[in-house]
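Structure first, then comments.
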Amino acid sequence: AQSVTQLGSHVSVSEGALVLLRCNYSSSVPPYLFWYVQYPNQGLQLLLKYTSAATLVKGINGFEAEFKKSETSFHLTKPSAHMSDAAEYFCAGLLQGGSEKLVFGKGTKLTVNP
Amino acid sequence: EAGVAQSPRYKIIEKRQSVAFWCNPISGHATLYWYQQILGQGPKLLIQFQNNGVVDDSQLPKDRFSAERLKGVDSTLKIQPAKLEDSAMYLCASSSYRLEETQYFGPGTRLLVL
C-alpha cells in the first residue's frame, strides 16, 4: 500500500542546533511530496514541496528537504533551530499509482529547548 | 489574497446531536477537501470535490456524515448524529485544478463531542 512514514513522533533540539525530521515514502513511481507545519489549534501551512524538478528543495523559514529516490526519503532539515520552530510537522505525499490523494504521515512534534 | 475560511473555530456538542461546519475556499480554486484530524495523527481525507462534483468520498462515514458544495464554491460538512469518536479537528483545504498543486488549509474547526 502507498504510505508516508515519519520516523520519530517527537524530536527535541536545542536552540541553534540542527533540525532533522525524517520522512520515507512507499510508492511505485516518484511521487509529489510536501512538508507542512501546524501550530497549536491552527491549520496546516506549506513549508515546501517536491514536484520532480530539483531534488533539493528550499522552503520558508530556512527549511529545506532533499528528495532521495534510492532511499525513498524526503527528510526535512534546518541548520539552526529557533524557538519559533516549535510545532508539529507533517510529511505528505501525492502517491501516484495509488489513489492519488494526499497521504499524510502521523506527524513529528518538534520541541526547541533554550 | 484571502485564505481558506472556516467556521466555527470551536464547537462542543453532546453525542447524538448534529453539527455543521462551513468552508469558503480560496477564490478560483476548483478543488475542495475536507479532512478529519484526530489528536496525535495526520489529517485523513473525508471527501474531495471538483467544482460541485464529488471526486472521492471513500473514507466518509456516510451513515452519519454528509457534505455538499453548492455552486462549486462554499461547502458544508454535517455530522448527524455525532459520536464520541468524532471529536477531532476538521480541516478544509482547497487547490487549483491540477493534482500536484498545493493544498491550502483553513484554520480548522475543533469539535468536542461529550
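Read the figures in this text as sums done on the coordinates, not as results from a lab. What you see is a predicted model; the values in this text were computed from it and never measured. Counting neighbours? That spans all protein chains shown, and the Cβs are built from the backbone with ideal geometry, glycine included.
At-a-glance table
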quantity: Order of B:TYR97, B:TYR33, B:TYR90, A:TYR32 - criterion: other Cβ atoms within 10 Å of each residue's Cβ, fewest first; calculated: B:TYR97, A:TYR32, B:TYR90, B:TYR33
quantity: About the Cα centre, charge dipole magnitude for region B:33-82 (Lys/Arg +1, Asp/Glu -1 at Cβ), debye; calculated: 80
quantity: Gyration tensor over alpha-carbon atoms, region B:1-46, equivalent ellipsoid semi-axes in Å; calculated: 23, 15, 10
quantity: Cα gyration tensor of chain A - equivalent ellipsoid semi-axes, whole Å, descending; calculated: 24, 14, 12
quantity: Sites B:ALA20 and A:GLN45, calculated FRET efficiency, Cβ-Cβ separation with R0 22 Å, nearest 0.05; calculated: 0.30
quantity: Between region B:57-114 and region A:33-48, the Cα center-to-center distance that results, in Å; calculated: 17
quantity: Over chain B, equivalent-ellipsoid semi-axes from the Cα gyration tensor in Å; calculated: 23, 14, 13
quantity: FRET efficiency for B:VAL55 and B:LEU84, using Cβ-Cβ distance with R0 set to 30 Å, rounded to 0.05; calculated: 0.50
quantity: Dipole of chain A [Lys/Arg +1, Asp/Glu -1 at C-beta], most positive-end residue of A:ILE60, A:PHE90, A:PRO79; calculated: A:PHE90
quantity: Pair B:SER27, A:HIS10: separation of 7 Å Cα→Cβ label points (nm); calculated: 4.5
quantity: Average partner coverage of B:35-44, which counts Cβ from other chains inside 10 Å; calculated: 5
quantity: Volume per residue of the C-alpha convex hull in the protein assembly as shown, rounded to whole Å³; calculated: 125
quantity: FRET efficiency estimate (nearest 0.05) - Cβ-Cβ, A:SER70 to B:THR76, R0 45 angstrom; calculated: 0.50
